[in-house]
1. Assuming SER199 fulfils every condition listed in (1) touching an Asp or Glu at 6+ places or on another chain (Cβ under 6 Å); (2) buried (at least 24 other Cβ atoms within 10 Å of the Cβ); (3) of a type in the set (S, T, N, Q) apart from one, which condition is it?
2. Of the conditions (1) of a type outside the set (Gly, Ala, Ser); (2) surrounded by fewer than 18 Cβ atoms within 10 Å (Cβ to Cβ); (3) within 27 Å of GLY39 (Cα to Cα); (4) at pLDDT 95 or above, LEU296 satisfies every one except a single condition; which number is it?
3. Checking the structure you have, find out if any residue of the range 241-254 is within 16 Å of ligand 1 (Cβ to nearest atom) and either closer than 20 Å to ILE174 by Cα or hydroxyl-bearing (Ser, Thr, Tyr) (or both).
4. How many residues does the range 291-321 contain that are touching a residue at least 60 places away in the same chain (Cβ under 8 Å), part of a helix (DSSP H, G or I), more than 30 Å from PHE16 (Cα to Cα) and not polar (S, T, N, Q)?
5. Checking the structure you have, find out if any residue of the range 158-166 is closer than 27 Å to SER339 by Cβ, outside any loop (DSSP other than H, G, I, E, B), within 21 Å of the chain's Cα centre (by Cα) and not β-branched (Val, Ile, Thr).
6. Please enumerate the residues belonging to the range 79-100 that are among the hydrophobic types (A, V, I, L, M, F, W, C), under 14 Å from ALA290 (Cα atoms) and more than 16 Å from ligand 2 (Cβ to nearest atom).
7. I'd like the full set of residues that are more than 16 Å from ligand 2 (Cβ to nearest atom) and either within 28 Å of the chain's Cα centre (by Cα) or not β-branched (Val, Ile, Thr) (or both), limited to the range 274-289.
Amino acid sequence: MNTTYKAIEVSRPGVFSEVKKPVLDPGPNQVRIRVETCGVCHSDSGTVEGLFPINWPRVPGHEVVGRIDALGSGVQGWVIGQRVGVGFLGGSCGYCEFCRNGDLVNCRNQQYTGIQHDGGYAEVMIAKASGLVSIPDDLSSAGAAPLLCAGLTTFNALRNAPAKAGDLVAVLGIGGLGHLAVQYARQMGFEVAAISRGSDTAELAKKLGAHHYIDSSATDPAAVLQSLGGAKVILVTASGGKAVAETFKGLRPGGVSIDLGVGPEPIEVTSVDLIFGNRKVEGSLTGTPATGDATLRFSALTGVSAMIETVPLEEAAAAYARMMAGKARFRIVLVTKNSAGQSAPLK
Ligand SMILES: [Zn+2]
Ligand SMILES: [Zn+2]
């Protein structure tokens with residue numbers, strides 16, 4: 001077995017370098033993974049641009065799929081050779097107040113993958129067993145990767161939303177998250193309205209399963225939602241407070257606007273719009289590993305899949321730049337030499 005592995009690390013903000021790192025044994029309650037694929041996510045910018053406090057150098061990447069090749073002491077329930085995934089949440093501690101209350105997402109000792117420890121832009125990664133997701137055989141490693149963050153985030157928010165089958169659910173923004181959210185919403189039995197700017201996206205939105213397409217550059221999306229009876233849920237996958245505010249009046253009484261797009265802009269809604277109709281604005285942060293399992297199983301059962309571009313690990317810097325420029329359609333997945341799948345160099 002090789003004693004070193006290739007990784008693409010960020011040595012200081014904005015600077016990627018390809019390095020060889022020694023293969024280490026996993027510590028207690030950790031596993032070592034031979035990484036096959038890793039999705040490139042907008043949240044990787046938290047590492048690459050140093051938005052989080054980072055101990056440099058750091059390997060980004062939190063949509064990781066690979067096979068376990070070593071178990072640390074105390075690991076139970078996972079076996080060598082098993083294909084697993086790692087998402088943004090690195091694994092809960094099991095003993096803090098939030099864990100003891102069953103709220104694993106908000107564990108006080110949770111570390112973020114690719115931020116406090118090295119992530120999946122690499123051929124090998126060490127991960128905490130409590131953060132692992134199991135990958136169904138029906139999903140390819142490249143197909144599964146984006147479901148571990150973009151998929152889990154949208155699936156979890158919709159699954160926990162108050163909408164019932166037949167209710168109107170709107171998805172704002174048809175990008176990396178939104179193109180998955182439309183598919184999940186359709187497969188969960190909702191009436192689905194997709195909202196985006198321009199008429200170009202209409203056909204794609206319908207193909208993904210939207211019953212309605214609302215061009216927010218040509219019409220007031222809130223008024224259109226009200227003409228359809230008002231949305232029970234608006235899933236905001238676009239970032240920016242304006243996006244939330246613009247559509248908020250499209251909620252029916254008791255409806256909720258769930259914000260998934262991170263940005264510095266404040267969200268301005270009037271107290272009148274909140275109070276008269278008991279409407280809510282809330283945020284939702286990814287999901288637990290068990291919901292990750294459910295996301296992947298649901299995707300395999302219903303055929304929900306991310307539209308991806310696969311590129312070799314060595315091109316991580318170019319892939320990241322392409323994603324940040326908003327050119328990815330819709331998720332880029334890095335593929336390592338451990339994967340049986342194909343990848344093509346970026347042009
Ligand atoms: Zn992510
Ligand atoms: Zn905890």
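The values are calculated or read from the model by the stated rules, or taken from the named source; none is laboratory data. As the structure is a computational prediction, the values presented were derived from the model and not from experiment. Positions of Cβ are backbone-derived with ideal geometry, glycine not excepted, and every protein chain shown enters the neighbour counts.
1. Condition (2) is where SER199 drops out.
2. Against the list (1) of a type outside the set (Gly, Ala, Ser); (2) surrounded by fewer than 18 Cβ atoms within 10 Å (Cβ to Cβ); (3) within 27 Å of GLY39 (Cα to Cα); (4) at pLDDT 95 or above, LEU296 comes up short only on (2).
3. No, that holds for no residue.
4. Number of matching residues: 6.
5. Quick first cut of the range 158-166, residues closer than 27 Å to SER339 by Cβ only: none.
There is no residue in the range 158-166 that is closer than 27 Å to SER339 by Cβ, outside any loop (DSSP other than H, G, I, E, B), within 21 Å of the chain's Cα centre (by Cα) and not β-branched (Val, Ile, Thr).
6. Residues satisfying the conditions are VAL84, VAL86.
7. Initially, the range 274-289 is screened for residues more than 16 Å from ligand 2 (Cβ to nearest atom), giving 274-284.
LEU274, PHE276, GLY277, ASN278, ARG279, LYS280, VAL281, GLU282, GLY283, SER284, listed by residue number.
Yes or no, residue by residue, for (1) more than 16 Å from ligand 1 (Cβ to nearest atom); (2) of a type in the set (A, V, I, L, M):
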| position | (1), (2) |
| --- | --- |
| VAL86 | no, yes |
| GLU97 | yes, no |
| ASP103 | yes, no |
| CYS107 | yes, no |
| GLY114 | no, no |
| GLY119 | no, no |
| ALA129 | yes, yes |
| LEU147 | no, yes |
| ALA150 | no, yes |
